[in-house]
Amino acid sequence: MVQTPLHTSFGPTVTAAQVALRADLTGQTAIVTGGSSGLGLETVKALSSRGAFVCVPALNPSLAAAALEGIERTEVCPIDLIDEPSIRAFADAFLGPRKRLDLLVLNAGVMARPLFRDADGCEGHLSINHLGHFRLTSLLWPALCSAGKSRVVVMSSRGHQMGDVDFDDLNFERRAYEKWMAYGQSKTANALFAVALDARGVDYGVRAYSVHPGMIMTAGIGHLTRAEFDAFGALAPDGSPIIDPVRDMKTVEQGASTAVWCATAPELEAIGGVYCENCDIAAISPDGPDGVRPYAIDPERAERLWRETVSLTGVEPTRA
């Protein structure tokens, strides 16, 4: 892993559709979690437009099917990322007719919710954003390896800058719960997951990346208060989103571009485990507003989180 910008020709205004134009995905199979709305939907559109078959796991399949109507080569299947049996059922259904998976985009997630827990007592942001996607990737691992060359794209965020993973209290059992700290920890976990996954996948042709999409106004953050939006400077006086890509305030189409770049960029052929933003590898930034914090790409912390996650989930990627 070399966390050094490539200085690509893209910038913050490019859209997912524009990035995808370089790719020929004919015959490839992709999975995009959270692919029926927001960033995920734009990712599905971009991959499908270049010939990929895209499976969209969804909490509400009927709503997802309606959102995907008219998009070629897509299929909706049920999943609940906080529920282990649901994840296993989805993986079994997917692997039944298909033995190959070229692209896995782990886009679904929750943000800044009041305290909730899964059936095992794990804190909800960690459970959905990290543990659920770890379980899914583990179960799909044989298909990723069978592709020969495949990529896993993990949706992180600059939210990782809110805090590192607290290995002494991952699930807020002793410290006071704070929703932004819980969200930030889960986004750091997403970045560390990509580091550890890439280290295990490189010998099988599986590369992994984490992504900051930008500050995007989607339905998934509609529960936040106006005061919280104003604290981020995200809304105009009339309540409409401020769009200023240079300041990281992007449209959904622009926000999905980096995930699509990580999934398709030839520049990343021999690179993995990196945190990306604005269709490039991000710079390491110990304290600035841009880039990635060193703790979010630290291999030792990534390995520690991997061990903790295996202990919590009881699964681990293994090749069949």
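Restricting attention to segment 152-207, which residues are under 18 Å from Val110 (Cβ atoms) and of a type in the set (Lys, Arg)?
Taking segment 152-207 as the starting set, the residues that turn out to be under 18 Å from Val110 (Cβ atoms) are 154-160, 162-163, 165, 170-172, 177-191, 193.
Arg158, Lys179, Lys187, listed by residue number.
Looking at segment 14-31, which of the residues that are in contact with a helix residue (DSSP H, G or I) (Cβ under 6 Å, 6 or more places away or on another chain) and of a type in the set (Val, Ile, Thr) is nearest to Arg98 (Cα to Cα)?
This residue is Val19.
Given the residues Asp203, Asp166, Asp198, which is the only one that is among the acidic types (Asp, Glu) and either assigned to a strand (DSSP E or B) or closer than 13 Å to Tyr275 by Cβ (or both)? Break it down stepwise before answering.
On the way: Asp203 fails: either assigned to a strand (DSSP E or B) or closer than 13 Å to Tyr275 by Cβ (or both); Asp166 fails: either assigned to a strand (DSSP E or B) or closer than 13 Å to Tyr275 by Cβ (or both).
Every option except Asp198 fails the conditions.
Within segment 209-244, can you find the residues that are within 20 Å of the chain's Cα centre (by Cα) and at pLDDT 65 or above?
Tyr209, Ser210, Val211, His212, Pro213, Gly214, Met215, Ile216, Met217
Among the listed residues Leu136, Leu115, which satisfies the condition of being closer than 26 Å to Ile216 by Cβ, aliphatic (A, V, I, L, M) and crowded, with 19+ Cβ neighbours inside 10 Å? Explain how you work it out, then say what you get.
On the way: Leu115 fails: crowded, with 19+ Cβ neighbours inside 10 Å.
None of the other options fit; the residue is Leu136.
Under 7 Å between Cβ atoms, which residue pairs at least 6 apart in sequence (or on different chains) link something in segment 238-250 that is in contact (Cβ under 8 Å) with a residue 12 or more places away in the chain and within 17 Å of Gly38 (Cα to Cα) with a partner that is open to solvent by less than 60 Å² (accessible area, probe 1.4 Å) and among the hydrophobic types (A, V, I, L, M, F, W, C)?
Correct list of pairs: Pro241/Met217; Pro241/Ala234; Pro241/Leu235; Met249/Ala234; Met249/Ile242; Lys250/Ile216.
In this structure, does Gln161 turn out to be open to solvent by 10 Å² or more (accessible area, probe 1.4 Å), under 17 Å from the mean Cα position of the chain (by Cα) and within 28 Å of Asp290 (Cβ to Cβ)?
yes
Can you name every residue in segment 283-306 that is within 22 Å of Arg200 (Cβ to Cβ) and either touching a residue at least 24 places away in the same chain (Cβ under 8 Å) or surrounded by 14 or more Cβ atoms within 10 Å (Cβ to Cβ) (or both)?
Val292, Tyr295, Ala296, Ile297, Asp298, Pro299, Arg301, Ala302, Glu303, Arg304, Leu305, Trp306
One line per residue, one yes/no per condition, for (1) at pLDDT below 95; (2) of a type in the set (Asp, Glu); (3) at negative phi; (4) open to solvent by 40 Å² or more (accessible area, probe 1.4 Å):
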{"site": "Leu21", "(1), (2), (3), (4)": "no, no, yes, yes"}
{"site": "Gly27", "(1), (2), (3), (4)": "no, no, no, yes"}
{"site": "Gly40", "(1), (2), (3), (4)": "no, no, yes, no"}
{"site": "Thr43", "(1), (2), (3), (4)": "no, no, yes, no"}
{"site": "Ile71", "(1), (2), (3), (4)": "no, no, yes, no"}
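Restricting to segment 68-106, give me the number of residues that are without any contact (Cβ under 8 Å) to a residue 40 or more places away in the chain, under 20 Å from the mean Cα position of the chain (by Cα) and more than 16 Å from Phe134 (Cβ to Cβ).
Looking only at that region, the number is 5.
Give the residues of segment 65-120 that are more than 14 Å from Ile31 (Cβ to Cβ) and in a strand (DSSP E or B), sorted by residue number.
Answer for segment 65-120, where residues must be more than 14 Å from Ile31 (Cβ to Cβ) and in a strand (DSSP E or B): just Arg117.
Look at Gly51 and say whether it is at positive phi and either surrounded by fewer than 19 Cβ atoms within 10 Å (Cβ to Cβ) or among the small types (Gly, Ala, Ser) (or both).
On the way: at positive phi: yes; either surrounded by fewer than 19 Cβ atoms within 10 Å (Cβ to Cβ) or among the small types (Gly, Ala, Ser) (or both): yes.
In short, yes.
Could you list all residues from segment 307-318 that are touching a residue at least 12 places away in the same chain (Cβ under 8 Å) and more than 19 Å from the chain's Cα centre (by Cα)?
Answer for segment 307-318, where residues must be touching a residue at least 12 places away in the same chain (Cβ under 8 Å) and more than 19 Å from the chain's Cα centre (by Cα): Glu308, Leu312, Val315, Thr318.
Of the conditions (1) free of Cβ contacts under 8 Å to residues at least 40 places away in the same chain; (2) farther than 19 Å from Ser86 by Cβ, Ala119 clears all except one; give me its number.
(2) is the only condition that Ala119 fails.
How about segment 164-220: which of its residues are basic (Lys, Arg), surrounded by fewer than 22 Cβ atoms within 10 Å (Cβ to Cβ), in contact (Cβ under 8 Å) with a residue 40 or more places away in the chain and more than 23 Å from Ala143 (Cβ to Cβ)? Before the answer, list the steps.
Restricting attention to segment 164-220, the residues satisfying the condition of being basic (Lys, Arg) are 174-175, 179, 187, 200, 207.
Still in the running and surrounded by fewer than 22 Cβ atoms within 10 Å (Cβ to Cβ): 174-175, 179, 200.
Keeping just the survivors that are in contact (Cβ under 8 Å) with a residue 40 or more places away in the chain gives 179, 200.
Correct list: Lys179 only.
Could you list, in sequence order, all residues of segment 253-282 that are in contact (Cβ under 8 Å) with a residue 24 or more places away in the chain, outside any strand (DSSP E or B) and more than 19 Å from Arg50 (Cα to Cα)?
Ile271, Gly272, Gly273, Asn278, Ala282
Of the residues Val154, Val110, only one is open to solvent by less than 10 Å² (accessible area, probe 1.4 Å) and within 30 Å of Asp287 (Cα to Cα); which? Lay out the reasoning, then the answer.
Working: Val110 fails: open to solvent by less than 10 Å² (accessible area, probe 1.4 Å).
Exactly one residue qualifies, and that residue is Val154.
The values are calculated or read from the model by the stated rules, or taken from the named source; none is laboratory data. A quick note: this is a predicted structure, and the numbers were derived from the prediction, not measured. Glycine also receives a Cβ, built like all others from the backbone with ideal geometry; neighbour counts cover every protein chain displayed. In case anyone asks, the SASA skips ligands and DNA or RNA and just uses the protein heavy atoms, side chains included. Shrake-Rupley method; radii C 1.70, N 1.55, O 1.52, S 1.80 Å.
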